[in-house]
Amino acid sequence: MRILPALMLGAPLVAQMAAPVQERADRFLSLVNSGYQALTYVQQQASWLASTDVKPEHDAGAEWAGKAYAAFNGSPALITEARELLTHRKELKEITVRQLERVLLNAAEGPMTKPELVAARVAAETAQASTMNGFTWKLDGKPITANQIDDILGKSNNLEERRKVWEASKENGPALKDGLLKLRDLRNGCAQALGYHDYFELQVAKYGLTTDEMLAFNRKFMAELRPLYLQLHTWVKYEMAKKYGQPVPKAIPAHWINNRWSQNWTGFVNAVDFDPYFKGWQPERIVKTAEAFYTGLGFDPLPASFWVKSDLYPVPAGGTRKKNSHASCWHLDLGTDIRSLMSVEPNMEWFETTHHELGHGYYFMSYTNPNVPPLLRDGANPSFHEGVGELIALATRQIPYLKGAGVLPADYKVDEMQVLLNDALEVAIPFMFWSCGTMPEWESEFYAKGMPADQMNARWWKQVHDLQGVEPPSPRGEQFCDAPTKTHINDTPAYYYSYGWATVFKFQMHDHIAKKILHQDPHATNYAGHKEVGDFLKKVLSKGATEDWRKVLKDATGEDLSTRAMMDYFKPLMAWLEKQNKGRQIGW
């Protein structure tokens with residue numbers, strides 16, 4: 001921790017006012033980048049331990065490291081100097097300005113102009129993570145894991161069993177409610193100390209947007225995709241009513257859908273069930289196959305330390321260790337220490353998820369280069385990181401790749417419309433109305449508009465109903481709190497729209513790769529082994545956050561962010577659905 005006092009003495013460098021402003025900024029940022037990288041590693045190592053082995057002592061370590069990290073990033077001296085230097089932005093290089101702006105964005109997460117507020121937030125974040133990671137769900141009085149919940153929802157045809165396990169999956173909500181309300185005040189307080197109205201506004205500032213601009217983008221995406229969503233929603237509810245022997249509902253009961261939050265709709269296209277083809281696979285083979293995808297594009301192998309330090313597989317049956325159930329990839333030192341936290345099992349979902357998570361890892365590796373200072377070792381905007389992972393996940397769903405990777409036999413025949421239907425349901429269209437609809441609409445109201453504590457669940461289900469066309473199996477009063485059952489509401493707040501943007505981004509990038517680079521049908525594309533695809537991706541990934549995201553995307557694809565490619569991809573499906581749904585009640 002001796003680095004902190006040294007850095008504090010080096011800033012704000014007021015005594016060097018006579019020096020040229022660029023030189024002064026360079027000296028300041030050299031100190032800041034050094035301290036930022038060192039303390040990021042300390043904080044990430046502690047968080048990793050708390051996520052992979054949930055214990056009170058590890059939570060305490062994460063809290064201590066979080067406070068040190070916040071104390072550095074939120075230093076009043078750093079804030080003062082960055083603000084002063086930015087008054088001379090016309091005299092500074094673009095990359096310098098971007099680093100100084102990042103200093104202030106980082107500071108807003110924990111401004112030490114209000115140290116008691118920051119300390120309270122770090123403690124509250126740690127406590128919330130501990131509650132979330134250490135929670136034990138129960139079904140009929142017996143412990144059940146997240147993977148087991150998902151397995152039952154994925155396989156059971158018994159509506160009563162489905163309802164019980166769906167309700168069990170929401171048991172952690174009430175335990176998280178008070179902590180979330182406390183965090184709202186603390187997060188908003190931190191953002192307000194740096195001049196933002198609320199925490200949601202701070203997060204969208206990372207896109208260079210206001211809250212209203214972000215919500216307008218999201219609503220435009222949904223408006224463009226809504227005709228297709230209505231057709232999908234109608235087809236699904238008629239199919240499920242037939243499957244379960246029930247009357248056709250207006251809104252879809254949540255426990256009819258395999259996903260706990262109805263964010264993607266799996267299992268409706270039996271012709272595209274790839275899970276049986278993973279019989280005999282070991283989890284290790286899935287991770288090695290994903291790495292081989294990237295090396296085949298010309299990327300380097302993962303660092304040797306990845307295989308030693310990652311936590312890739314489920315805790316063995318009977319094991320007492322608890323770990324976070326959400327898949328993630330970590331860039332602990334902003335250098336070569338890259339790890340992934342997963343619970344890989346041999347099925348299609350984990351095959352796809354593993355390719356996605358390693359996409360983050362290869363993004364980390366690409367921008368870890370001398371042209372990208374540690375402060376800017378990040379995606380061009382937050383959605384780019386998710387977009388790269390999602391792009392590769394889309395590539396892994398392509399039949400030619402699945403054959404080449406040894407998942408499907410060479411003579412596998414498929415109904416192309418069924419594949420397209422499956423892609424729309426599982427990874428694209430319903431997900432957009434969750435990620436760009438329910439999540440940001442609820443969170444923006446929660447942070448920006450002071451949503452009352454006694455209306456949290458009512459407001460949540462209003463968004464789910466109005467935007468997704470889904471309703472709970474029975475009324476969910478305020479004794480429940482279903483929003484924080486989604487991990488991101490607790491530990492990655494005001495962020496989820498990034499996944500929706502990533503979905504738009506992936507189709508735009510895939511369209512360019514398929515048509516302009518590989519000259520293949522976007523519905524049957526195989527990236528594997530094509531170094532020219534790797535070269536294209538490296539140009540985007542290696543820039544990190546050194547350029548404005550709009551420029552990076554336009555330079556890469558020739559287009560601004562748009563659902564055009566996404567709508568083109570599903571155009572044949574729209575025509576098919578309209579025929580299937582002729583004479584049916586559309587919508588809810």
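One residue is enough: does the range 114-128 have a residue meeting the conditions within 19 Å of Tyr196 (Cα to Cα) and either in a loop (DSSP other than H, G, I, E, B) or touching a Phe, Trp or Tyr at 6+ places or on another chain (Cβ under 8 Å) (or both)? Yes; the residues of the range 114-128 include at least one that is within 19 Å of Tyr196 (Cα to Cα) and either in a loop (DSSP other than H, G, I, E, B) or touching a Phe, Trp or Tyr at 6+ places or on another chain (Cβ under 8 Å) (or both). The residues of the range 245-274 that are in a helix (DSSP H, G or I), at pLDDT below 95 and either among the basic types (Lys, Arg) or open to solvent by less than 70 Å² (accessible area, probe 1.4 Å) (or both), listed by number, are Ala271, Val272. Please go through the range 1-48 and pick out each residue that is at pLDDT below 95 and under 15 Å from Leu375 (Cβ atoms). Hits for the range 1-48 are Leu7, Ala11. Go through (1) in contact with a Lys or Arg (Cβ under 7 Å, 6 or more places away or on another chain); (2) surrounded by 20 or more Cβ atoms within 10 Å (Cβ to Cβ) and name the single condition Pro522 misses. Only one criterion is unmet by Pro522, namely (2).
Has the range 379-398 got any residue that is open to solvent by 10 Å² or more (accessible area, probe 1.4 Å), charged (D, E, K, R) and in a helix (DSSP H, G or I)? Looking for residues that are open to solvent by 10 Å² or more (accessible area, probe 1.4 Å), charged (D, E, K, R) and in a helix (DSSP H, G or I), one finds at least one in the range 379-398, hence yes. Can you list residue pairs whose Cβ atoms sit under 6 Å apart, with the first residue in the range 473-493 being of a type in the set (Phe, Trp, Tyr) and the second being surrounded by 16 or more Cβ atoms within 10 Å (Cβ to Cβ)? Count only pairs 6 or more apart in sequence or on different chains. Partner pairs satisfying both residue conditions: Phe480/Gly173; Phe480/Asn457. If you filter the range 100-153 down to residues that are farther than 18 Å from Gly173 by Cα, open to solvent by less than 30 Å² (accessible area, probe 1.4 Å) and among the β-branched types (Val, Ile, Thr), you find that the one that is modelled with the highest pLDDT is Val103. Restricting attention to the range 319-374, the residues being assigned to a helix (DSSP H, G or I), open to solvent by 10 Å² or more (accessible area, probe 1.4 Å), of a type in the set (Ser, Thr, Tyr) and within 23 Å of Ala146 (Cβ to Cβ) number 1. Among residues that are open to solvent by 40 Å² or more (accessible area, probe 1.4 Å) and either closer than 25 Å to Arg226 by Cβ or at pLDDT below 95 (or both), Asp560 is included. Figure legend. Inter-residue proximity from the range 537-557: first residues over 19 Å from Ile392 (Cα atoms), second residues open to solvent by 20 Å² or more (accessible area, probe 1.4 Å), beta-carbon distance below 6 Å, spacing 6+ or different chains. Indicated pairs: Ala545/Asp378; Thr546/Ile95.
The values are calculated or read from the model by the stated rules, or taken from the named source; none is laboratory data. As the structure is a prediction and not an experimental result, all values here were calculated from the model. A quick note on method: Cβ atoms are made from the backbone with ideal geometry, for glycine too, and the neighbour counts reach across all protein chains shown. What goes into the accessible areas is simple: the full protein's heavy atoms, side chains included, and nothing from ligands, DNA or RNA. Shrake-Rupley method; radii C 1.70, N 1.55, O 1.52, S 1.80 Å.
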